Amino acid sequence: MPPSASDPATASAAVNPPRRWPDISFRWIAFGASAIIVALIFLVGWELYRGAHAAVGKFGLHFLTGSTWDPVTDEYGAWPFIYGTLVTSAIALLLAVPLGVGTALFLTEIAPQRIRQPIIVVIEMLAAVPSVIFGLWGIFVLIPWLRDHAFVWLKNWLGFLPLFQGPIYGVSVLSAGIIVAIMILPIVTSVSREILRSVPNLQREAAYALGATQWEVIRIAVLSYARRGIFGAAVLGLGRALGETMAVTMVIGNRPDVSASLFAPGYTLSSVIANEFTEATTDVYLAALFELGLVLLAVTILVNIIAQLMLRTLTRGASGKVT
């Protein structure tokens, strides 16, 4: 006799059908892929720690706060490089994020259809340019112009600020920040553009129906809806800025000093590793460079954690729940 529709086993099977092997396989494949990524991060950190063990044991936490980098006496401190990395990345974000988001808004909300694609192609081509090309362009084109015009103007008008005081060399922390801003601009623009394109047209139509102007529609209906994604685009740009090496090495001046002036040469974590890794002649010297890599990894992870916490705060809805 066939089971009746009221049979509990039959009803349970109808509500919760048995998982088939493709579903189970896909679940485990996805879990394995995510586990591999986490494992790779831990493996990279572990290998860096193994290479840096001698420096960690000798200098301890003083390595993070020390300002002396002298291979002759085997005295090493990472603070000038941490400072240079954070300052150049901050300059790059301050320049690239407003320009990138503004470009994305222009392409999605304002630009006529006939000119959108040519601009998108140019942005994508900019993303494909190798960093060493940006460095050469910075040395022979950008830095002379900055040294003779832009930096002079900044010093004349804003010289009362410590940021724009001191001699002008051309190669500087500010030059490196500008180069990095140009390099992360395509990332910020492309990601922001895709986020803005995903905003439902219903949002715009509702704002227009209430009598909003185009600027009010962009501010209220578009930017407020897409702010989480735009913040994510900024975080992606920051990740690229923190690890940029060749272009920064060619324009920053490579001097392990901490200066309040943006006109002064500086150094970053990635550029000192690229410059001096082949010159490390002692075990402590090599271990110090490995520890710089470990510090760069830690700074990147810490910055991303802070960004995620800020993102949760910025996207908190009126009800107090994270959206």
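Considering only the other residues whose Cβ falls under 13 Å of the Cβ of Phe59, what net charge follows from Lys and Arg at +1 and Asp and Glu at -1?
-3
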Which is farthest toward the positive dipole end of the chain among Val217, Thr85, Ala104, measuring Cα position about the Cα centre, with Cβ charges +1 (Lys, Arg) and -1 (Asp, Glu)? Val217
For segment 123-138, in order, what is each residue's ³J(HN,Hα) by Karplus, 6.51 cos²θ - 1.76 cosθ + 1.60 with θ = phi - 60°, in whole Hz (x at glycine and Pro)? 5, 5, 5, 5, 5, 8, 6, x, 5, 5, 5, 4, x, 5, 4, x
Per-residue HN-Hα couplings for segment 25-34 [Karplus 6.51, -1.76, 1.60; θ = phi - 60°; Hz; x = Gly/Pro]: 5, 5, 4, 6, 5, 5, 5, x, 5, 5
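Order these peptides, 234-245, 62-73, by their mean beta-carbon neighbour count within 10 angstrom, highest first.
For the peptides 234-245, 62-73, the packing ranking is 234-245, 62-73.
Taking the Cβ-Cβ separation of Leu223 and Gln117 as r and a Förster radius of 25 Å, what is the calculated FRET efficiency to the nearest 0.05?
After rounding, the FRET efficiency stands at 0.60.
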Distance from segment 104-176 to segment 182-243 (C-alpha centre basis), Å: 22 Å
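How high is the relative contact order of the chain, in percent, counting Cα pairs under 8 Å that sit 6 or more residues apart? Walk me through the numbers on the way to the answer.
Details: 384 pairs, mean separation 85.5, N = 323.
This gives 26 percent for the chain.
If Lys and Arg each add +1 and Asp and Glu each add -1, what is the summed charge of the other residues whose beta carbon sits under 11 Å from the beta carbon of Ile230?
Here the charged neighbours net out to +2.
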For the pair Leu202/Leu86, report the inter-label distance in nm, with labels modelled 7 Å from Cα in the Cβ direction. 4.5 nm
Taking segment 58-137 and dividing mean pair separation by its residue count, relative contact order in percent (alpha carbons under 8 Å, at least six apart): 14 percent
With +1 on each Lys and Arg Cβ and -1 on each Asp and Glu Cβ, and nothing else charged, work out how big the dipole of the chain is about its Cα centre, in Debye to the nearest 20. 1220 debye
If you plug each phi of segment 95-111 into the Karplus form 6.51 cos²θ - 1.76 cosθ + 1.60 with θ = phi - 60°, what whole-Hz ³J(HN,Hα) values come out, in order, with x for Gly and Pro? 8, 7, 5, x, 5, x, 5, x, 5, 5, 5, 4, 5, 8, 10, 10, 4
Go ahead and estimate [θ] at 222 nm for the chain from helices alone: -39,500 (n - 2.57) per DSSP H run with n ≥ 4, summed, over the residue count, rounded to 500. -21500 deg cm²/dmol
Place +1 on the Cβ of every Lys and Arg and -1 on the Cβ of every Asp and Glu in the chain, take the dipole about the Cα centre, and give the residue among Ala280, Met183, Pro256 whose Cα lies farthest towards its positive end. Met183
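No lab work stands behind these numbers, since they all come straight from the coordinates. As the structure is a computational prediction, the values presented were derived from the model and not from experiment. Please note: Cβ atoms are built from the backbone with ideal geometry, for glycine as well, and neighbour counts cover all protein chains shown.
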